[in-house]
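Below is one structure, written out as C-alpha cells, with a few remarks after it.
Here, each number is a calculation from the coordinates, and none is a lab measurement. Only a predicted model underlies this, so the values are computations on that prediction, with no experimental measurement involved. Positions of Cβ are backbone-derived with ideal geometry, glycine not excepted, and every protein chain shown enters the neighbour counts.
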Amino acid sequence: MSIKSTLLSAALIAGGILLLAGASAPLLGFDEHTALWLLAPGGVLFALSQVLSPLPVSNPVIRRLRLQQLLGALLLVVSPVLLYTHLHAIPPFRGGEWKIALILAAVFEIYTAFRLPAETDKAMRGKDSAE
C-alpha cells in the first residue's frame, strides 16, 4: 500500500467521523456553530479524498456513478457554507438549506458507496474474461 493511498484512506476516515459528528451535533444538543466547525473540515477531507482517489475503469456506468459521487462530495463542501450563511443571516439563504444539501450528499454518497464497487468488479471481471 502506497503512502498516497494510506493518506487518502486516513483522510476519508477522519472526514467521515467529523461529518458524522457535525451532522449529529444539533441532534445531541450542541449549537449549530459546533456543527459548522465539525462539518467544514470533515466535508473538505472527505471530498478531497474522493476527488484524488483514482478510478481505473472508464465505462459509461462507472463514469456516471463517479460523477454522482463527486456531486455528493461537492454537496458535502457546500453544506457548511450554507450553514454559515444561515448562522449569520447572509442572503439569499437563511433557513435550513444546509440540511437539504447534507441529506442529498448522504444519498449520493451511500448510493455510490454500494454501486461503484459492484460495477467496478463487474467491469474488471468482464475485462479478465475477454483476455
**Asked** In the set A105, A73, A40, which member is among the hydrophobic types (A, V, I, L, M, F, W, C), surrounded by 14 or more Cβ atoms within 10 Å (Cβ to Cβ) and touching a Pro at 6+ places or on another chain (Cβ under 6 Å)?
**Response** A40
**Request:** Name the one entry in P60, P80, P54 that is under 15 Å from A101 (Cα atoms) and out of contact with any strand residue (DSSP E or B) (no Cβ under 9 Å at 6 or more places or on another chain).
**Result:** P80
**Item:** Selection from region 16-36 of residues that are assigned to a helix (DSSP H, G or I) and surrounded by 15 or more Cβ atoms within 10 Å (Cβ to Cβ)
**Value:** G16, L18, L19, A21, G22, A23, E32, T34, A35, L36
**Prompt:** Looking at this structure, is A101 under 22 Å from the mean Cα position of the chain (by Cα) and under 20 Å from H33 (Cβ atoms)?
**Reply:** yes
**Request:** Please go through region 40-77 and pick out each residue that is outside any helix (DSSP H, G or I) and touching a Gly at 6+ places or on another chain (Cβ under 8 Å).
**Result:** none
